[in-house]
Amino acid sequence: MVKENNIEWEYDFDGDSMFINDIKDYKYKESIEITDDIILDIDENNEVVALEILDASKIFGIEKKFIRHLVKIEINIMSNEENIFIKAAFNFMIHQRSTPKELNEKIVNDINLPIHDTHLVSALTAK
């Protein structure tokens with residue numbers, strides 16, 4: 001099942017962390033650490049509802065000031081019995097140019113996240 005959700009995002013400049021979440025109401029259940037800097041939030045229905053990126057400027061390889069100029073986000077989170085995959089595309093305005101950055105991660109699905117495909121897209125709403 002492919003689920004497409006609109007998202008909102010927030011960037012903490014001082015902490016250099018980005019939080020991207022589904023705009024629908026949900027009840028948080030748990031967080032899954034994909035890497036030391038990438039965390040998924042799961043709701044009580046075992047759906048992925050948020051993505052947190054720590055040290056975002058390092059992850060994207062850009063200055064912190066440009067992260068606030070995010071113009072597009074598209075995130076696909078897929079899981080099967082063996083693995084959880086994150087494939088994300090971000091576009092930042094850097095010196096008046098749309099600059100794409102990608103995030104691709106894969107971990108073992110040792111938490112038994114159900115098989116699903118979540119697509120988080122930007123109707124960009126910054127908090």
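The values are calculated or read from the model by the stated rules, or taken from the named source; none is laboratory data. Since the structure is predicted, the reported quantities are computational estimates derived from the model, not experimental observations. Please note: Cβ atoms are built from the backbone with ideal geometry, for glycine as well, and neighbour counts cover all protein chains shown.
Worth a mention:
- One residue alone among 86, 94, 23, 39 is of a type in the set (Val, Ile, Thr), buried (at least 16 other Cβ atoms within 10 Å of the Cβ) and touching a residue at least 24 places away in the same chain (Cβ under 8 Å), and that residue is 86.
- In the condition set (1) closer than 17 Å to residue 50 by Cβ; (2) in contact with a Pro (Cβ under 8 Å, 6 or more places away or on another chain), residue 78 is compliant with all but (2).
- Considering residues of the stretch 62-83 that are under 18 Å from residue 21 (Cα atoms) and among the basic types (Lys, Arg) only, the residue surrounded by the most Cβ atoms within 10 Å (Cβ to Cβ): 72
- Once the stretch 104-127 is narrowed to residues that are at pLDDT 85 or above and either surrounded by fewer than 11 Cβ atoms within 10 Å (Cβ to Cβ) or touching a Leu at 6+ places or on another chain (Cβ under 9 Å) (or both), the residue that is nearest to residue 58 (Cα to Cα) is 104.
- Remark: pairs (first residue in the stretch 1-20, closer than 11 Å to residue 70 by Cβ; second residue charged (D, E, K, R) and modelled with pLDDT of 95 or more; Cβ separation under 9 Å; 6+ apart in sequence or on different chains) = 11/64; 18/12; 18/52; 20/52.
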